[in-house]
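The values are calculated or read from the model by the stated rules, or taken from the named source; none is laboratory data. Just so you know, these numbers come straight off a predicted model, no measurement behind them. In this analysis, Cβ positions are derived from the backbone assuming ideal geometry, glycine residues included, and neighbour counts consider all displayed protein chains.
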Amino acid sequence: MRTFLSNCAARLALALLVSLGAATLVHAQGRRGPGGPPPPAEAAAPVDFTGYWRSVVQDEDWVYRMVTPRPGDYAGVPLKPAGMQVMDAWDPAKDTAAGEQCKSYGAPAIMRVPEHLHITWQDDQTLKMETDAGEQTRLFHFVPSMADEHGPRTWQGYSVAQWQLQSQGGRFFGGGKPAWAALKVTTTDLKAGYLRKNGVPYSENARLVEYFDLVQIPPENDGQWWMVLTSVVTDPVYLFTPFVTDDNFQKLSSAEGWEPSACSAMW
Amino acid sequence: MASNQSRFRAAHGAARPMIVRTMTLAVALTLCSAALSVRAQVVTAQEAADLSGSWDSPATNDVLERDEGPFTDDFVGMPLNAAGRALAASYSADMLAEPERVCQLYDQWHYSNSVFNLRIWPVTGGPTGTIQAWKLQPTEDNGGMTIWMDGRSPPSQYADHLRGAFTTGHWKGDMLIAVTTGMKRAPARDNGAFHSDESIMTSTFIPHDDMLTIVYVLHDPVYMTAPYVYSRTYVRSVTRPIATQYPPCIVNFEGTSEGTVPFFPPGKNPLMTQMMEFFHVPEYASAGGADTMYPEFRDRLKAQYLKLYPTFPKKCTQYCTNFRFQQAVGNLPQPVEGPAAKPGRRGAKSGS
Amino acid sequence: MLGMLGVVSARAAEPGNGDLEIQKVRQNFYMIAGDGENIGVQVGHDGVVLVNAGTVAGVPDLLAAVKSISPLPIRYVIDSDADPAVVGGNAAVAAAGKTLFNPPKGPGAEIFARANVIERLAETAGYPTNGWPTDTYIYDFRSFYINDEPIVVTHAPAADSDSFVLFRRSDVVMAGDVLDMTRFPVIDVADGGSIDGEIAALNDLLRIAIPPSPFIYEYNGTYVIPAHGRVSDQWEVVDYRDMVVIIRDTIADMMRRHMTLEQIEAADPTKAYESRFGSTTGPWTTNRFVAAVYHSLQAAKKK
């Protein structure tokens with residue numbers, strides 16, 4: 001009997017191995033392999049955002065980004081009357097005198113400023129993004145720290161990042177290396193600032209959700225890499241619906257064109 | 001004589017290998033079918049993400065252009081070459097009122113700069129009901145887009161460029177990449193910048209949570225020097241299905257007589273001043289060109305623009321918002337809008 | 001007189017080659033491209049009707065291509081104009097065909113064209129007389145009814161020998177030289193052509209080529225076969241017509257300002273279109289087109 005059972009178990013195990021051997025790629029979203037901590041964000045990333053990038057403004061609100069928008073021009077922004085009052089009171093000289101010339105370089109606005117970006121890994125769980133315009137630094141934390149997450153409000157706030165992992169050709173479950181990913185970043189703890197340089201405001205209650213995607217243009221193998229950013233700003237104080245925008249960045253092979261410039265309340 | 005017990009043992013002894021084999025086979029088959037059914041769920045590349053549904057266009061990007069139409073000389077950020085600029089400068093919107101053009105549809109590129117909501121749905125077929133294509137249709141006015149997922153070849157170079165053009169697609173991760181060829185010559189922007197019939201358009205559909213970002217890229221070897229890229233985000237509509245209306249189109253007289261071709265001779269377009277008039281953007285910027293797309297171009301604009309900035313009215317008087325948000329805010333105080341629609345809007349008369 | 005104006009015949013020969021492509025247009029209608037001008041092929045139980053016969057060199061490949069579409073004999077060759085790329089193969093193609101008539105009018109297929117085509121061919125040194133049309137028309141149009149289909153051959157005012165050929169049931173029109181998806185229209189001043197005639201012909205074509213309104217999402221409308229390039233429809237004819245009118249009016253405006261031909265060429269009146277339709281080499285260059293427009297406007301002014 002014992003022999004019978006052990007033979008049976010052995011054959012059963014063999015059958016199990018053979019049948020499951022046909023399974024291929026797996027979907028690793030939120031799952032870890034059996035036992036052990038998840039790999040660090042840098043190691044887990046199937047896509048590479050590091051390097052130098054520059055904004056490409058092909059329309060996409062050119063007159064609100066490449067030049068300072070006209071006073072009182074908030075076209076496209078779902079601005080409440082309270083926000084219009086702030087906008088109408090915009091005074092760049094006053095902002096500069098108060099040391100607030102970086103108000104239009106906060107996280108909800110900085111990606112819309114025509115600029116160069118430099119993206120690197122600060123450590124294996126923190127992606128760092130620097131801008132030459134306004135000399136700002138954003139940190140995307142893949143492992144949020146409770147101590148830092150609700151610290152003092154800053155222009156760049158506190159950003160929590162996660163990979164939205166994807167597999168080639170479908171969704172799977174189990175372990176294994178995913179084929180592709182988007183980067184989702186949620187930012188809070190913002191200092192009140194401007195969505196546009198002409199004083200269109202966001203409050204400190206604003207929340208920013210961003211999706212960074214890598215796209216090849218054209219899609220063939222030698223196509224150049226672009227980064228496409230979808231941003232959603234919600235602000236119960238000044239916006240009556242989410243402010244959704246899209247921005248494109250082109251990958252550069254070097255730091256050419258990198259020209260740090262200080263914040264300006266006027267340009 | 002063998003006992004019953006020994007006969008039983010003998011019978012079992014003979015049957016045992018067969019029983020074990022059968023059981024093993026049964027278990028293996030069960031596990032195989034379970035694994036295979038999982039595999040079947042995942043290998044169907046067409047179903048990597050579900051794009052189907054109704055998608056609202058929040059149109060918080062380029063809203064004036066997309067809702068009411070671009071300014072007549074607004075080619076900023078467009079990588080136009082000399083031919084593209086010459087064509088754009090000659091354009092009169094009265095051309096749209098030619099009787100032969102009244103019922104012309106917009107083409108596939110217009111998805112990128114129109115404000116219409118979208119409906120997307122799969123077309124299934126074959127004995128296993130696989131997705132053969134994805135179909136896109138905005139609310140109206142477009143030639144539609146069918147994205148073939150079955151690997152079919154494009155039509156011959158001698159085939160007609162149909163109103164629906166020809167599009168094939170494949171998945172990369174959760175992104176659907178669609179390539180459109182065989183488009184007709186049509187506006188790249190609604191103020192006279194055209195793309196040629198040799199253009200190729202790539203649309204990359206990127207789902208994120210309840211949003212869909214579409215990256216539209218136009219390559220036009222005839223009128224542009226670089227890819228022309230628009231990204232647009234749509235939000236899944238939870239309240240209503242988007243109606244894809246197909247109203248019949250009857251040719252009416254819209255102000256341009258048969259055989260007349262409205263246009264502006266070189267250097268004689270009186271409408272090439274709106275960008276300076278309303279935004280203080282000089283002609284070397286509004287005429288477009290690849291250099292107007294990059295951050296470095298701001299250095300060229302800065303001095304002159306800042307000098308002119310104080311001449312803007314302290315309170316915006318025209319084109320400060322768009323009608324969508326005026327309606328939403330209702331009776332609350334609004335900035336005063338300008339008296340008339342901009343020239344260059346579809347169907348509007350322009351000086352010619 | 002035309003020689004004094006520096007005008008030469010625009011009807012330069014186009015080489016044929018063996019690379020033919022057959023494009024199905026309708027259930028019973030095909031286009032053959034790659035030998036001279038595009039060739040139309042209507043098939044049915046009566047036999048084959050060809051519009052254009054291609055070049056002399058291309059005849060064997062053309063006949064093989066037609067045979068691959070239909071085994072029935074060629075009954076008619078209809079010439080849309082007198083261009084060597086259209087009539088070069090007349091004699092050989094007709095000889096390979098068989099007339100519908102019994103007793104036969106002649107040994108092969110009928111060759112039909114506008115009467116002026118005979119005049120042009122008679123002036124062409126070395127052109128064989130058995131390639132001349134066996135039947136012609138001198139008024140505005142002539143019609144046939146072959147393969148259950150009305151075929152209407154209409155004079156296209158772009159030049160004296162030009163015709164449109166409309167296959168009414170198939171809803172296909174052969175446009176000849178009036179529409180060319182690869183170059184500016186050939187204005188054959190020697191054949192009575194003019195820019196105003198070209199525009200009038202394009203406007204006539206727009207009355208034949210019907211767009212798919214009111215159900216613009218469902219259909220494509222009339223198919224238009226150009227002299228070269230892909231199968232087109234009313235949309236392309238409008239674009240082409242508008243382009244030609246704009247160029248004409250731009251040159252006319254420059255002439256009103258007393259600019260010479262050289263000055264006009266330097267001002268580049270075709271700038272918006274030459275990257276798509278222009279050429280600096282070959283039998284029909286941008287400059288030849290501009291010169292033809294200039295001279296025909298001058299001639300019109302003098303009338």
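Of note:
- Unmet requirement for A:GLY175, which otherwise passes all of (1) surrounded by fewer than 18 Cβ atoms within 10 Å (Cβ to Cβ); (2) at pLDDT 95 or above: (2)
- Within the stretch B:124-175, if we keep just the residues that are within 14 Å of chain A (Cβ to nearest Cβ) and of a type in the set (Ser, Thr, Tyr), the residue that is surrounded by the most Cβ atoms within 10 Å (Cβ to Cβ) turns out to be B:THR167.
- Taking the criterion of being more than 10 Å from chain A (Cβ to nearest Cβ), closer than 18 Å to B:ASP107 by Cα and not in a loop (DSSP other than H, G, I, E, B), the only residue of the stretch B:219-237 that qualifies is B:MET224.
- For B:THR202, the test of being hydroxyl-bearing (Ser, Thr, Tyr) and touching a residue at least 40 places away in the same chain (Cβ under 8 Å) is failed.
- Of the residues making up the stretch A:76-98, those that are closer than 22 Å to A:VAL63 by Cα and assigned to a loop (DSSP other than H, G, I, E, B) are A:GLY76, A:VAL77, A:PRO78, A:LYS80, A:ALA89, A:TRP90, A:ASP91.
Yes/no per residue for (1) in contact (Cβ under 8 Å) with a residue 12 or more places away in the chain; (2) within 24 Å of the chain's Cα centre (by Cα):
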residue: A:ALA45; (1), (2): yes, yes
residue: A:TRP53; (1), (2): yes, yes
residue: A:ASP59; (1), (2): no, yes
residue: A:VAL77; (1), (2): yes, yes
residue: A:GLN85; (1), (2): no, no
residue: A:LYS94; (1), (2): no, no
residue: A:CYS102; (1), (2): yes, yes
residue: A:PRO108; (1), (2): yes, yes
residue: A:ARG112; (1), (2): yes, yes
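- Answer from B:LEU96, B:LEU87 - the residue that is more than 9 Å from chain C (Cβ to nearest Cβ), aliphatic (A, V, I, L, M) and not in a loop (DSSP other than H, G, I, E, B): B:LEU96
- Pair list, Cβ < 6 Å and 6+ apart or interchain, from the stretch C:74-103 residues that are within 21 Å of C:ALA64 (Cβ to Cβ) to residues that are surrounded by fewer than 24 Cβ atoms within 10 Å (Cβ to Cβ) and of a type in the set (D, E, K, R): C:TYR76/C:GLU110; C:ALA85/C:GLU14
- Residue in the stretch A:35-51 that is assigned to a helix (DSSP H, G or I) and within 7 Å of chain B (Cβ to nearest Cβ) present: no
- Number of residues in the stretch B:105-126 that are outside any strand (DSSP E or B) and not aliphatic (A, V, I, L, M) equals 11.
- Restricting attention to the stretch B:219-251 and to residues that are among the hydrophobic types (A, V, I, L, M, F, W, C) and within 30 Å of A:TYR211 (Cα to Cα), the residue that is surrounded by the fewest Cβ atoms within 10 Å (Cβ to Cβ) turns out to be B:VAL238.
One line per residue, one yes/no per condition, for (1) more than 8 Å from chain B (Cβ to nearest Cβ); (2) touching a Pro at 6+ places or on another chain (Cβ under 8 Å); (3) free of Cβ contacts under 8 Å to residues at least 12 places away in the same chain:
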| site | (1), (2), (3) |
| --- | --- |
| A:TYR211 | no, no, no |
| A:PRO218 | no, yes, yes |
| A:THR230 | no, no, no |
| A:SER254 | yes, no, no |
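- Evaluating C:ILE187 against the criteria (1) assigned to a loop (DSSP other than H, G, I, E, B); (2) within 11 Å of another protein chain (Cβ to nearest Cβ) leaves one unmet condition, (2).
- Where helices (runs of 4 or more DSSP H) fall wholly inside the stretch C:38-148, the ranges with 3 or more residues that are of a type in the set (A, V, I, L, M) and either out of contact with any Ser or Thr (no Cβ under 8 Å at 6 or more places or on another chain) or modelled with pLDDT of 95 or more (or both) are C:59-69, C:90-96, C:115-123.
- Pick from the stretch C:218-237, criterion in a loop (DSSP other than H, G, I, E, B) and buried (at least 21 other Cβ atoms within 10 Å of the Cβ), ranking: farthest from the other protein chains (Cβ to nearest Cβ): C:ALA227
- Members of the stretch A:107-126 found to be outside any helix (DSSP H, G or I) and closer than 16 Å to A:THR68 by Cα, listed by number: A:MET111, A:ARG112, A:VAL113, A:PRO114, A:GLU115
- Test for A:VAL86: is it β-branched (Val, Ile, Thr) and within 11 Å of another protein chain (Cβ to nearest Cβ): no
- Taken over the stretch C:238-271, the criterion of being at the interface with chain B (Cβ under 9 Å from one of its Cβ atoms), out of contact with any Ser or Thr (no Cβ under 6 Å at 6 or more places or on another chain) and outside any helix (DSSP H, G or I) is satisfied by C:ASP268, C:LYS271.
- Residue that is surrounded by 15 or more Cβ atoms within 10 Å (Cβ to Cβ), modelled with pLDDT under 95 and not acidic (Asp, Glu), where the choices are B:GLY259, B:GLY267, B:GLY255: B:GLY259
- Number of the exception - B:SER199 against (1) within 14 Å of chain C (Cβ to nearest Cβ); (2) hydroxyl-bearing (Ser, Thr, Tyr); (3) more than 15 Å from the chain's Cα centre (by Cα): (3)
- Considering residues of the stretch C:274-303 that are closer than 20 Å to C:ASP188 by Cβ and assigned to a loop (DSSP other than H, G, I, E, B) only, the residue modelled with the lowest pLDDT: C:LYS303
- Residues that are within 23 Å of B:CYS103 (Cβ to Cβ), among the β-branched types (Val, Ile, Thr) and in contact (Cβ under 8 Å) with a residue 60 or more places away in the chain within the stretch C:189-225 comprise just one, C:ILE225.
- For B:ARG189, the criteria (1) over 23 Å from C:ARG26 (Cα atoms); (2) at pLDDT 95 or above; (3) not in a strand (DSSP E or B) hold in every case but one, which is (2).
- Selection from the stretch A:192-218 of residues that are assigned to a strand (DSSP E or B) and more than 16 Å from the chain's Cα centre (by Cα): A:GLY193, A:TYR194, A:PRO201, A:TYR202, A:GLN216, A:ILE217
- Single residue of the stretch A:222-245 satisfying the filter (under 12 Å from the mean Cα position of the chain (by Cα) and either more than 17 Å from A:GLY193 (Cβ to Cβ) or not hydroxyl-bearing (Ser, Thr, Tyr) (or both)) that is surrounded by the fewest Cβ atoms within 10 Å (Cβ to Cβ): A:LEU229
- Looking across the stretch B:280-292, the residues that are more than 7 Å from chain A (Cβ to nearest Cβ) and over 27 Å from the mean Cα position of the chain (by Cα) come down to B:HIS280, B:PRO282, B:GLU283, B:TYR284.
- Just one of the listed residues (B:PRO313, B:PRO295) is facing chain A (nearest Cβ under 10 Å), modelled with pLDDT of 95 or more and in a loop (DSSP other than H, G, I, E, B), namely B:PRO295.
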